[in-house]
1. Each label point is 7 Å from the Cα along the Cα-to-Cβ direction; what then is the distance between the points at TRP269 and THR304, in nm?
2. Which of MET289, MET243, MET113 ends up with the largest GNM mean-square fluctuation for the chain, with Cα atoms connected below 10 Å?
3. What are the ³J(HN,Hα) values, in whole Hz, obtained from phi via the Karplus relation 6.51 cos²θ - 1.76 cosθ + 1.60 with θ = phi - 60°, for each residue of region 150-164 in sequence order, with x given for Gly and Pro?
4. Determine the dipole magnitude for the chain: charges of +1 sit on the beta-carbon of Lys and Arg, -1 on that of Asp and Glu, nothing else is charged, the reference point is the Cα centre, and the result goes in debye to the nearest 20.
5. Roughly speaking, what is the stretch gain from SER127 to LEU20, that is 0.36 nm per residue apart minus the C-alpha to C-alpha distance, in nm to one decimal?
6. So what is the relative contact order of the chain, in percent, for Cα pairs below 8 Å that sit 6 or more residues apart?
7. Select one label from [x] -0.61; [y] -0.95; [z] -0.74: the one whose number is log10 I(q)/I(0) by the Debye sum over Cα atoms at q = 0.11 Å⁻¹ as derived from the coordinates shown.
8. Over region 199-321, what is the mean sequence separation of C-alpha contacts under 8 Å (at least six apart), divided by residue count, expressed as relative contact order in percent?
Amino acid sequence: MAWYRQFDWLLFFSWLGLSLIGLVAIYSATQGSEQGALLSRNFGNQVIHVVLGLAAILIIQFTASRTFIQLAYLAYGLTLVFGILTVFFGVEVGGERNWLSIMGFRLQISEFMKGTTVLALANYLTSRRDISAKEFSTVATIIVIIFAPVMLITLMGDTGTSLVFFALIPFILLWSGLPYGLSLLIVSPAILAYLSIVNWPVALIAAVIIPLVIFLLEKRPGLSFVSFAFSLLVVIGVQVALMEVLQPHQQARVEAFVNPAIDPHGAGWNVIQAKTAIGSGGIYGKGFMEGTQTQLRFLPEQQTDFIFCVISEEFGFIGASLLMVLFLIMLM
């Protein structure tokens, strides 16, 4: 069969659409900046990345799947090694030591870890002939494969990227065929940690409900008891960390995450400005390069972390919805 008949054109065009939207948004976010080199650096780099992404698509299309199976563990191991090197010898950018300089080129190793971790997990779960056997070793191995890069990325100071790995867990577990109860047990720490930050009484209630749900799904009292004890440990641990471990400025960021209005000119500034930009776009948006929040530089790191706000302000609800639809197509 001809290659173009096997090629996923819907996936390709959704990627292409997202890439073009990203280029337009970055151009608007950096145009007119007082830093003259900012436009050429960010926009030019993004163009290069899109071209490299296109090349990667073509290479993967014409590479046998067996090759990825053979290289999965090796690639995963190499990124862990580079991650360790980054922790000790990485270049610090914006308070995060997550860049490694190799022969004059800077590589963000945490980004490579995303792909290699997925490959390693997919390879491991595929090799398990009967995942429904509910073996503890299977769950433990999954946790180790995921938490090894998470620990390294956290040591680099890149908390945002480490959280992305937790978002991978439910998808991978459900696709692997792991029982629902064990899947819930593995993702429950992330759920409870979030609830502990937002509202700890609700987290305590969830610490009781989750083990009950696991019992109804698995009918294993021992597993439910372990889940209950572990859930309480997570809730208590997060509260202790918030009150005793975190520094005052870190506590302020957590409080602002829950309620940005507590410190509107400090820790809550970013969130408030982001919501203002998104809301001010209305239905149709203010137009390309016409967003006041964007062009007047109220948004911090608007060319990277807050790029969605740029799109929402300038292209409105319709533009933001188009973006979400394209992401949804890729996920499906």
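The values are calculated or read from the model by the stated rules, or taken from the named source; none is laboratory data. The shown structure was predicted, so the numbers you read here are calculated from the model rather than taken from an experiment. Don't worry about glycine lacking a Cβ; one is built from the backbone with ideal geometry, like all the others, and counts go over all protein chains shown. Remember, those area values only see protein heavy atoms, side chains included, never the ligands or the DNA or RNA. Shrake-Rupley method; radii C 1.70, N 1.55, O 1.52, S 1.80 Å.
1. Computed distance between label sites TRP269 and THR304 equals 1.8 nm.
2. Maximum fluctuation in the GNM of the chain, among the listed residues, is at MET243.
3. Result, rounded to whole Hz: 4, 5, 5, 5, 5, 5, 6, x, 9, 5, x, 5, 4, 5, 4.
4. 800 debye
5. 34.7 nm
6. In percent, rounded to a whole number, it is 16.
7. Here the calculated entry is [y].
8. Across region 199-321, relative contact order equals 18 percent.
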